[in-house]
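Please read the structure below before turning to the comments.
The values are calculated or read from the model by the stated rules, or taken from the named source; none is laboratory data. None of the values given here were measured: they were computed from a predicted structure. Here Cβ is always computed from backbone atoms with ideal geometry, including for glycine, and neighbour counts include all displayed protein chains.
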Amino acid sequence: MAQNNLRSMSLAREDSPFARPTDTSGMNNEGHPTNTLSELDLELVKELEFNARQSIRDLAKKLGASHATVHRRFRRLVKTGMIEFAAVSDSTALGFKISVLVGLDIRSGEAHTVANSLRHYPNVTFISLTTGRYDIMFYAVFRNQHEVLDFLDRKLSHIPGILTAEDMVVLELKKRSWMYLRGETVGYPETTQRSIDQSTLDLIKELELNPRESIANLARKTRMSSISVTRKLQALLDDNILKIVTVIDPFQFGFGVHTMILVRAQLGAINSVADILVTNTRIPKLLITTGPFNIAFWAMFQNLTEMSYFLTMEIGNIPGIIDYETLIQVEHLKRASQLGRL
């Protein structure tokens, strides 16, 4: 059976701040949202997870509710921060051929300072404060090996407070999903590689600013016809170069524990272990990497009891796993990027 090195779990009791947001002003005494979600709210979010650019009219028709009701609930979900929208580009299609996951050991008391310094780099697309082996985990994309070396050797060395850095080059993105409520059991679809002209790049840039912008406004801002915008947008979506996604605030939907789990698998079993993990609906993102671990994935749970069951009864029984380490994500400091603008 796989061994789990969970160095910080003695700190993470059910009443620990690691199991719920630091700001509990919108929560009741049990750590659940005070903004109660109706069945209609949940179905609305699920529809938006499936297609984030659906019109209110289409959503109302699918949900069997009035336009006014759906519009009101939509605005409430956005205003309270329960959902937001993002245009997520495939980094390789935009010329960023190398992705790296980096774990940092930080001098005591300086984690936020270091994280805020990292936020200024546009190629850093994800930053999280964590417990466990690393104090900070971040994800960055690069065009070539020279950029990787320059960033790790020169730029990181100029950020005060970093003691050590461990980098894991991403060999394959096996799963990336935003369907937290629907759940998704399929891997990441292959991207059709093709050149991107300037007008298409301009369209991506506008969608990064407003993912639900109307076709008419996109046409006006990019100086293209509505027909051209519609055709280019559909091609980007069909080729998996761009995804327009609905991003939920996990805490407000009952996911109180966010983790990153690093797996060391036996040689010859890396792909088979990853293929099993990809089918788990709790896992929205999974990578195969180089470095001290072969596989890295993210998972969210309602509480520590659910997480413990997942680790011991599910992950711990997958053939080919030697051991794994669990990092509880205390705070997300960056979860989006605008790669089209780099």
**Yes/no for Val141 being farther than 20 Å from Pro211 by Cα and not acidic (Asp, Glu)** = yes
**Message:** Every residue in region 203-249 that is small (Gly, Ala, Ser) and either more than 16 Å from Ser55 (Cβ to Cβ) or in contact with a helix residue (DSSP H, G or I) (Cβ under 7 Å, 6 or more places away or on another chain) (or both), please.
**Reply:** Ala216, Ala219, Ser225, Ser226, Ser228, Ala235
**Fill in**
Residues in region 95-116 that are surrounded by fewer than 18 Cβ atoms within 10 Å (Cβ to Cβ) and part of a helix (DSSP H, G or I) total 3
**Message:** Out of everything in region 211-228 that is free of Cβ contacts under 8 Å to residues at least 40 places away in the same chain and within 27 Å of the chain's Cα centre (by Cα), what residue ends up being surrounded by the most Cβ atoms within 10 Å (Cβ to Cβ)?
**Reply:** Leu218
**Item:** Members of region 261-276 found to be surrounded by 22 or more Cβ atoms within 10 Å (Cβ to Cβ) and touching a residue at least 60 places away in the same chain (Cβ under 8 Å), listed by number
**Value:** Ile261, Leu262, Val263, Ala274
**Item:** In region 64-81, the residues that are within 14 Å of Gln252 (Cβ to Cβ), in a helix (DSSP H, G or I) and among the β-branched types (Val, Ile, Thr)
**Value:** Val78
**Message:** Which count do you get for residues in region 237-256 that are among the β-branched types (Val, Ile, Thr) and more than 15 Å from the chain's Cα centre (by Cα)?
**Reply:** 1
**Asked** Is it true that Ile159 is under 21 Å from the mean Cα position of the chain (by Cα) and among the aliphatic types (A, V, I, L, M)?
**Response** no
**Asked** Among the listed residues Leu42, Leu48, which satisfies the condition of being surrounded by fewer than 18 Cβ atoms within 10 Å (Cβ to Cβ), assigned to a helix (DSSP H, G or I) and touching a residue at least 24 places away in the same chain (Cβ under 8 Å)?
**Response** Leu42
**Asked** Are any of the residues in region 305-313 within 17 Å of the chain's Cα centre (by Cα), closer than 19 Å to Gln252 by Cβ, of a type outside the set (Val, Ile, Thr) and in the same structural domain as Glu166 (by TED's automatic domain parsing)?
**Response** no
**Request:** Might you let me know whether region 167-175 holds any residue that is crowded, with 16+ Cβ neighbours inside 10 Å, touching a Ser or Thr at 6+ places or on another chain (Cβ under 9 Å) and part of a loop (DSSP other than H, G, I, E, B)?
**Result:** no
**Message:** From the list Leu149, Leu129, Leu163, exactly one residue is surrounded by fewer than 17 Cβ atoms within 10 Å (Cβ to Cβ), assigned to a strand (DSSP E or B) and at pLDDT 95 or above. Which is it?
**Reply:** Leu163
**Prompt:** Out of curiosity, is Leu203 farther than 29 Å from Leu104 by Cβ, free of Cβ contacts under 8 Å to residues at least 40 places away in the same chain and surrounded by 20 or more Cβ atoms within 10 Å (Cβ to Cβ)?
**Reply:** yes
**Message:** Of the residues Thr305, Thr312, only one is modelled with pLDDT under 95 and part of a helix (DSSP H, G or I); which?
**Reply:** Thr312
**Answer from Ile215, Ile196 - the residue that is out of contact with any His (no Cβ under 6 Å at 6 or more places or on another chain), over 30 Å from Thr113 (Cα atoms) and at pLDDT below 95** = Ile196
**Message:** Condition check: within 30 Å of Gly132 (Cα to Cα), not in a loop (DSSP other than H, G, I, E, B) and not polar (S, T, N, Q). Does Leu262 satisfy that?
**Reply:** yes
